[in-house]
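The values are calculated or read from the model by the stated rules, or taken from the named source; none is laboratory data. It should be emphasised that the depicted structure is a prediction, and the values quoted were computed from it without experimental measurement. So basically every Cβ, Gly included, is an ideal-geometry build from the backbone, and we count neighbours across all protein chains shown. Note: accessible area is taken over every heavy atom of the protein model, side chains too, but ligands, DNA and RNA are not part of it. Shrake-Rupley method; radii C 1.70, N 1.55, O 1.52, S 1.80 Å.
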Amino acid sequence: VQLQASGGGLVQAGGSLKLNCTASRRTFSNNAVGWFRQVPGKEREFVSVISWNGGTTSYSDSVKGRFTISRDNAKNAVYLLMNSLKPEDTAVYFCAVARGSVSGSSRSSYAYWGQGTLVTVSS
């Protein structure tokens, strides 16, 4: 599976961005898909995950209530809508396909990773 994350950019605090994750060469409609983020010098951290059919979602406490994950299996795509962005949300965001149909926050549960898209939130 080759993953492509896109939609990052520069936004002012309080603004919104929508990240997209698409796959080529193979569908991920049977797998959970997650979003992680990483700031230089820090570990990659879990942001959100959605189960294979979209029936279950989970968020880190830092983004709960502001971010919404969704998916469209017909388009082989997963999205992350980010509202009320804060400067501390600045990071490179990665999407990842889990080994199973549901997944959690552990990086080891994910088999395929995209290249990342940069989100910069200015104050």
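Candidates are the residues of the range 73-87 that are under 15 Å from the mean Cα position of the chain (by Cα), of a type outside the set (S, T, N, Q) and open to solvent by 10 Å² or more (accessible area, probe 1.4 Å); the one that is nearest to residue 35 (Cα to Cα) is 79. Pairing each residue of the range 8-24 that is charged (D, E, K, R) with any residue that is open to solvent by 60 Å² or more (accessible area, probe 1.4 Å), provided the two are 6+ apart or on different chains, yields C-beta distances under 8 Å for 18/81.
When the range 40-50 is filtered for residues that are at negative phi and surrounded by fewer than 16 Cβ atoms within 10 Å (Cβ to Cβ), the ones remaining, listed by number, are 40, 42, 43, 45.
Quick one: in the range 18-34, of everything that is touching a strand residue (DSSP E or B) at 6+ places or on another chain (Cβ under 7 Å), more than 11 Å from residue 79 (Cβ to Cβ) and of a type outside the set (Phe, Trp, Tyr), which residue is surrounded by the fewest Cβ atoms within 10 Å (Cβ to Cβ)? Working first, answer last.
If we filter the range 18-34 for residues that are touching a strand residue (DSSP E or B) at 6+ places or on another chain (Cβ under 7 Å), which is where we start, we get 18-25, 28, 31-34.
Imposing the further condition that a residue be more than 11 Å from residue 79 (Cβ to Cβ) reduces the set to 23-25, 28, 31-32, 34.
When the remaining residues are screened for being of a type outside the set (Phe, Trp, Tyr), the result is 23-25, 31-32, 34.
Values: 23: 22, 24: 10, 25: 7, 31: 23, 32: 27, 34: 28.
Selected residue: 25.
Anything in the range 91-106 that is open to solvent by less than 10 Å² (accessible area, probe 1.4 Å) and either among the aliphatic types (A, V, I, L, M) or at pLDDT below 95 (or both)? List them, or say none. Don't jump to the end; show me each part of the working.
Of all residues in the range 91-106, those open to solvent by less than 10 Å² (accessible area, probe 1.4 Å) come to 91, 93, 95-98.
If the condition is that a residue be open to solvent by less than 10 Å² (accessible area, probe 1.4 Å) and either among the aliphatic types (A, V, I, L, M) or at pLDDT below 95 (or both), then 91, 96, 97, 98 are the ones that fit.
Against the test of being aliphatic (A, V, I, L, M) and within 20 Å of residue 8 (Cα to Cα), the options 102, 47 yield a single qualifying residue, 47. Under the condition of being touching a residue at least 24 places away in the same chain (Cβ under 8 Å), out of contact with any Phe, Trp or Tyr (no Cβ under 8 Å at 6 or more places or on another chain) and assigned to a strand (DSSP E or B), the residues counted in the range 27-77 number 4. Of all the criteria given as (1) open to solvent by 50 Å² or more (accessible area, probe 1.4 Å); (2) closer than 30 Å to residue 123 by Cα, the one not satisfied by residue 55 is (2).
Of the set (1) open to solvent by 30 Å² or more (accessible area, probe 1.4 Å); (2) assigned to a strand (DSSP E or B); (3) over 21 Å from residue 4 (Cα atoms), all apply to residue 121 but (1). Taking the conditions (1) of a type in the set (Lys, Arg); (2) open to solvent by less than 50 Å² (accessible area, probe 1.4 Å); (3) under 18 Å from residue 101 (Cα atoms) in turn, residue 37 satisfies each one other than (3).
Residues are listed down the side, and each one gets a yes or a no for (1) under 23 Å from residue 13 (Cβ atoms); (2) surrounded by 16 or more Cβ atoms within 10 Å (Cβ to Cβ):
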| site | (1), (2) |
| --- | --- |
| 59 | yes, yes |
| 67 | yes, yes |
| 89 | yes, yes |
| 108 | no, no |
| 113 | no, yes |
